[in-house]
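A.B. asks: Provided herewith is a single structure, encoded as structure tokens, for subsequent inquiry.
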Amino acid sequence: MTKRFAYTYVLLRYRHDPLSGEFANVGVVLHSPHADFVGVRVRKTLGRLGKMFPGLVKSDLTSSLSAIERAVRRLAPSRQSELISGASLDAKAIAARALPADDSSYVWGPLASGVTNDPAVTLDYLFKRFVAQYDEDSFVRRDDAAVWQPVREKLAEKHLLERLQPKTVISPIDEVHFGTAWKNGAWHCYQALSFDLMTSEGIREKAARWSGHMLGVSKAPEDIRPYFLVGAPSDPQLTGDYRRAIELLRVSALSPAVFEEPQVDELVNEIERQVHRHDSGH
């Protein structure tokens with residue numbers, strides 16, 4: 001018979017303006033004394049908070065939440081710990097030890113309880129339900145593979161697909177995998193990037209991540225020529241963020257060539273020219 005454990009939990013709330021009374025859940029603490037479990041999860045991105053509170057700075061939020069998370073983890077249980085082994089100590093009491101009530105933007109919600117056979121799984125469920133349920137940062141309408149598919153089909157028609165292969169570029173500071181590449185002296189590496197995301201923050205973060213990868217790739221001992229095929233967001237209100245993402249990629253290390261989806265034929269023709277030039281010895 002599966003063992004069941006009683007637990008209590010409490011949500012961490014962020015108040016952008018304590019006077020307005022408006023808040024958003026940003027974390028959860030769960031305590032199951034008989035399982036010797038104290039768990040905490042806090043958000044790592046702005047998510048929907050960026051829209052709810054336009055003046056909120058991501059680094060301020062994540063820094064504060066990380067500090068609260070560390071404080072709760074320091075209260076993690078052990079069978080020898082008298083601090084949390086007592087049945088009278090619940091999740092809110094533990095949370096209050098990590099973050100006492102004050103006039104800050106972070107407050108604990110009311111205590112709730114339940115029964116579970118796996119406190120860690122329940123913690124994850126509660127976080128997704130109460131904190132991350134409406135997040136849109138990582139939601140992709142079309143993924144990278146969908147953006148690349150037309151190129152793949154056209155290369156197959158031209159019998160060029162078999163000339164290409166995956167390539168992982170390793171440098172002293174990074175390791176970047178390209179699904180499609182071929183070597184002609186230099187490695188020509190191709191990467192599709194879908195910016196068909198739900199938020200401007202998601203677009204900016206993805207562009208910044210790949211711009212950082214370009215810096216890492218530039219330190220590799222091999223000669224790398226990167227190419228991007230980028231997909232635009234469906235939401236026209238994100239066009240400005242998309243254009244800035246493209247410019248960021250273009251000015252990145254190694255000056256990548258950036259093609260947009262309407263330029264699929266241009267990219268395919270460029271690959272075809274490179275292969276034929278290599279085969280003819282030019």
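A.B. asks: Would you be able to tell me the number of residues in region 252-272 that are farther than 19 Å from LYS158 by Cα, surrounded by fewer than 15 Cβ atoms within 10 Å (Cβ to Cβ) and touching a residue at least 24 places away in the same chain (Cβ under 8 Å)?
C.D. replies: So the answer is 0.
A.B. asks: May I pose another question? Among ARG277, ARG225, which is loosely packed, with under 13 Cβ neighbours inside 10 Å and within 30 Å of GLU157 (Cβ to Cβ)?
C.D. replies: Residue meeting the stated conditions: ARG277.
Conditions (1) farther than 25 Å from ILE173 by Cβ; (2) within 19 Å of the chain's Cα centre (by Cα); (3) modelled with pLDDT under 95, marked per residue:
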residue: GLU205; (1), (2), (3): no, yes, yes
residue: SER218; (1), (2), (3): no, no, no
residue: LEU249; (1), (2), (3): no, yes, no
residue: PRO256; (1), (2), (3): no, no, no
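A.B. asks: Can you tell me which residues in region 191-204 are touching a Pro at 6+ places or on another chain (Cβ under 8 Å) and either in a strand (DSSP E or B) or surrounded by fewer than 19 Cβ atoms within 10 Å (Cβ to Cβ) (or both)?
C.D. replies: Within region 191-204, the first condition is being touching a Pro at 6+ places or on another chain (Cβ under 8 Å), and the residues that meet it are 191, 195-197, 203.
Across region 191-204, the qualifying residues are GLN191, LEU197.
A.B. asks: Taking only region 165-190 into account, find how many residues are part of a loop (DSSP other than H, G, I, E, B) and either polar (S, T, N, Q) or on the phi < 0 side of the Ramachandran plot (or both).
C.D. replies: To start, the set of residues in region 165-190 that are part of a loop (DSSP other than H, G, I, E, B) comprises 171-174, 185.
Adding the requirement that they be either polar (S, T, N, Q) or on the phi < 0 side of the Ramachandran plot (or both) leaves 171-174.
Residues that pass the stated criteria total 4.
A.B. asks: Would you be able to tell me the number of residues in region 44-73 that are part of a loop (DSSP other than H, G, I, E, B) and among the small types (Gly, Ala, Ser)? Walk me through how you get there before you give the answer.
C.D. replies: Filtering region 44-73 down to residues part of a loop (DSSP other than H, G, I, E, B) leaves 44-48, 53-57.
Then drop every residue that is not among the small types (Gly, Ala, Ser), which leaves 47, 55.
The qualifying residues number 2.
A.B. asks: Residue under question is ALA208, and the condition is that it be out of contact with any Phe, Trp or Tyr (no Cβ under 8 Å at 6 or more places or on another chain) and in a loop (DSSP other than H, G, I, E, B); does it hold?
C.D. replies: Answer is no for this residue.
A.B. asks: Could you please let me know if ARG79 is part of a helix (DSSP H, G or I) and either at pLDDT 80 or above or not acidic (Asp, Glu) (or both)?
C.D. replies: Details: part of a helix (DSSP H, G or I): no; either at pLDDT 80 or above or not acidic (Asp, Glu) (or both): yes.
Spelling it out, it is not the case that ARG79 is part of a helix (DSSP H, G or I) and either at pLDDT 80 or above or not acidic (Asp, Glu) (or both).
The values are calculated or read from the model by the stated rules, or taken from the named source; none is laboratory data. Computed from a predicted structure; not experimentally measured. Cβ coordinates were reconstructed from backbone atoms using ideal geometry, including for glycine residues, and neighbour counts include every protein chain displayed.
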